[in-house]
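Written out below as structure tokens is the structure these notes cover.
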Amino acid sequence: MSNSPLTPGIVAARLPAAQIAAHFSDHTPALDRHEAHVAADRCYFCHDAPCITACPTSIDIPLFIRQIATGTAEAAAMTIWESNILGGMCARVCPTETLCEEACVREAAEGKPVEIGRLQRFATDTAMAKGGHPFTRAASTGKSVAVVGAGPAGLACAHRLALHGHDVVIYERRAKAGGLNEFGIASYKSTQGFAQAEVEWLLQIGGITIKTGVELGRDLSLADLRRDHDAVFLGIGLGGVNALRAAGEDKAGVRDAVDFIAELRQTSDLTTLPVGRDVVVIGGGMTAVDAAVQSKLLGAQNVTIVYRRGQEKMSASGYEQVHATSAGVRIICNAAPVAVHGNGSVREVEFAYTFDGPDGLTQTKETFRLKADQVFKAIGQTLTGAPDVATVEAGKIAHLPAGVWAGGDCTGGGEDLTVTAVAQGRDAAESIHSSLMG
């Protein structure tokens, strides 16, 4: 190994291959059958269970846990998939600690909820390992629907439409399907190519064609889609990244965190992926945490997350914040970037302390600098590529003409989560089906 955590600059192979492989192994190992039965036995099987209400896809959680407890994991998986066709991935990446598990009665009574996420993974993994696809398409309706975007919203919409017998064509700008699940999730949360395996499993329903490398606005227009199909669903996500608005942010070594995560996800040999010795991540959400933690796992010596407001306002969950600090990441709050310093390449980032008062966020005159040879911007993504006929409000698609639907991160109405996108794609498909069938 030619490099180490002490090597200056942005270099690859900071750690031995075996250590990197261990770092990027499954962050939360799957339950075995005995562990799943023990975990399921803790469920009270509540009537009007609060965990169902807390789930954006409204999975009947007590039912599927009871099915696991009675030894019918395949039936449990069907209960999950009927509400959330991407239940396998959601079991891995959902912030269950702020959704279903936070609402769990056991959490309120004992401070330790039923492990709903891990039980959901056990059920879906068990059923998927059996092979085949559990859903059967209805007879063909002769109707065709265009879905723009092969992320969670688009895939959920396409599967539900295909289930109803419609023909679906998905247009995806990237080289492969999956969206956030494939390109935007920390690698240790979804290992062994699960994102693509789930896509391939989903497509077994039939009636879905995916065309990759095709971008709305560049290769085809919304008018083309409306002409060639009976309905259109837009699941285009958020393709842009907010600027720091700090002097020098165009220097070498400063890049978008989402691009770094995507590159990491698509790199087959992580020893070849370069990372800085002193890494600064600017932002307070899940993207910031994922970029920071993975930088540390690749061998960066010093990794710091800097967020402009107080730690309690970080959109990354408390669980993820603790995970970051336990991995060796430092979190500095109430500081905003004012300048990136360096001769061509970043060497330091200058921050001003902030005060979050009744009149909003205010920068103080007191500043400090952090040494950095690599800076990741993770201060939010923006909508790009929305068609001209779309009404955009607060950076999200708010209204579309008749015959066009939208869902996922490009729209409002919920947090930018995989599970929320699935719910919106599923519900849009039901609305499209009702419209097409009169």
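Proximity of backbone amide H atoms, modeled 1.01 Å from N, is registered between residue 60 and no other residue at under 5 Å, excluding neighbours fewer than 5 places apart on the same chain.
Helical content of the chain, expressed as a calculated mean residue ellipticity at 222 nm, amounts to -10000 deg cm²/dmol (DSSP H runs of 4 or more residues, -39,500 (n - 2.57) each, divided by residue number, nearest 500). Here the simple spin-label model places points 7 Å from the Cα toward Cβ, and for residue 53 and residue 175 these points are separated by 4.7 nm. You can think of it this way: the chain between residue 34 and residue 341 has 105.0 nm of extra reach, that is 0.36 nm per residue less the Cα-Cα gap. Since only 428, 398, 361 are under comparison, the one whose Cα sits farthest along the positive direction of the charge dipole of the range 321-438, derived from C-beta charges on Lys, Arg, Asp and Glu, is 361. Put a plus charge on the Cβ of each Lys and Arg, a minus charge on the Cβ of each Asp and Glu, and nothing anywhere else: the dipole of the range 9-161 about its Cα centre is then about 560 debye. Once Rg and the Kirkwood radius are both taken over the C-alpha atoms of the range 44-155, their ratio Rg/Rh works out to 1.03.
Think of the chain as having a plus end and a minus end, set by charges on the Cβ of Lys, Arg, Asp and Glu; of 64, 192, 206, 192 sits farthest toward the positive end of this dipole.
If you take the beta carbon distance between residue 228 and residue 402 as r and set R0 to 22 Å, what does 1/(1 + (r/R0)^6) give as a FRET efficiency, to the nearest 0.05? Calculated value: 0.85.
Near the amide H of residue 354, within less than 5 Å, lie the amide hydrogens of 335, 336, 364, all on another chain or at least 5 residues away, with H placed in the peptide plane. For 10, 185, 52, the ranking by accessible surface with the largest value first comes to 10, 52, 185, using a 1.4 Å probe.
This structure gives log10 I(q)/I(0) by the Debye sum over Cα atoms at q = 0.09, 0.13, 0.14 Å⁻¹, computed directly, and of (1) -0.90, -1.22, -1.28; (2) -0.72, -1.13, -1.24; (3) -0.62, -1.22, -1.35 that value is listed as (3). With each label modelled as a point 7 angstrom along the Cα→C-beta vector, the residue 250-residue 17 pair spans 4.1 nm.
When DSSP beta bridges are restricted to pairs lying wholly in the chain, around 40% turn out antiparallel.
Applied to the range 254-263, the Karplus parametrisation 6.51 cos²θ - 1.76 cosθ + 1.60 on θ = phi - 60° returns per-residue 3J(HN,Hα) values of 9, 8, 6, 4, 5, 5, 4, 5, 4, 4 Hz, with x for Gly and Pro. The heavy atoms of residue 159 present about 10 square angstrom of accessible area, all protein chains included, probe 1.4 Å.
Backbone geometry of the range 378-392 corresponds, through the Karplus equation with coefficients 6.51, -1.76 and 1.60 at θ = phi - 60°, to 3J(HN,Hα) couplings of 9, 10, x, 10, 10, 6, 9, x, 5, x, 4, 7, 7, 8, 10 Hz, x marking Gly and Pro.
Quick one: net charge around residue 172, please, counting Lys, Arg +1 and Asp, Glu -1 for every other residue with C-beta under 13 Å from its C-beta. Around residue 172, the charge tally is +2. In whole Å, what is the distance between the alpha-carbon centres of the range 168-224 and the range 1-20? That distance is 33 Å. The length gained on full extension between residue 267 and residue 243, counted as 0.36 nm times the residue separation minus their Cα-Cα distance, comes to 6.0 nm.
For the cross-link pairs 296/377; 189/296; 176/377; 211/396; 130/211, which exceed 19 Å when the distance is taken from alpha carbon to alpha carbon? Each step should come with its number before you reach the end.
On the way: 296/377 16 Å; 189/296 15 Å; 176/377 25 Å; 211/396 25 Å; 130/211 28 Å.
The answer is 176/377; 211/396; 130/211.
Taking K and R as +1 and D and E as -1, what net charge do the other residues with C-beta under 15 Å from the C-beta of residue 390 add up to?
Numbers: positive: 226, 396; negative: 388, 393, 409.
Net charge in that neighbourhood comes out at -1.
Taking the Cα centre of the chain as reference, the dipole from Cβ charges on Lys and Arg (+1) and Asp and Glu (-1) amounts to some 700 debye. Between the range 370-438 and the range 299-362, the C-alpha centres lie 27 angstrom from each other. If both residues of a DSSP beta bridge must be in the range 257-378, then about 55% of such bridges are antiparallel.
Taking amide H atoms as placed 1.01 Å from N in the peptide plane, list the residues 5 or more away in sequence, or in a different chain, whose amide H sits under 5 Å from that of residue 86. Distant-sequence amide H within range of residue 86: zero hits. With a Förster radius of 25 Å applied to the C-beta separation of residue 221 and residue 393, the computed FRET efficiency comes to 0.65. The distance between label points at residue 367 and residue 97 comes to 3.5 nm (points 7 Å beyond Cα on the Cα→Cβ vector). Here the 3J(HN,Hα) profile of the range 79-93, calculated from phi with Karplus coefficients 6.51, -1.76 and 1.60 at θ = phi - 60°, is 4, 5, 5, 4, 9, 9, 5, 9, x, x, 6, 4, 4, 8, 10 Hz, Gly and Pro shown as x. Placing 224, 250 in order of accessible area, with the largest value first and a 1.4 Å probe, yields 250, 224.
The values are calculated or read from the model by the stated rules, or taken from the named source; none is laboratory data. Not measured: the values here are computed from a predicted model. Because the Cβ atoms are built from the backbone with ideal geometry, glycine has one as well, and the counts that use them run over all protein chains shown. For accessibility, only protein heavy atoms count, side chains too; no ligands or nucleic acids. Shrake-Rupley method; radii C 1.70, N 1.55, O 1.52, S 1.80 Å.
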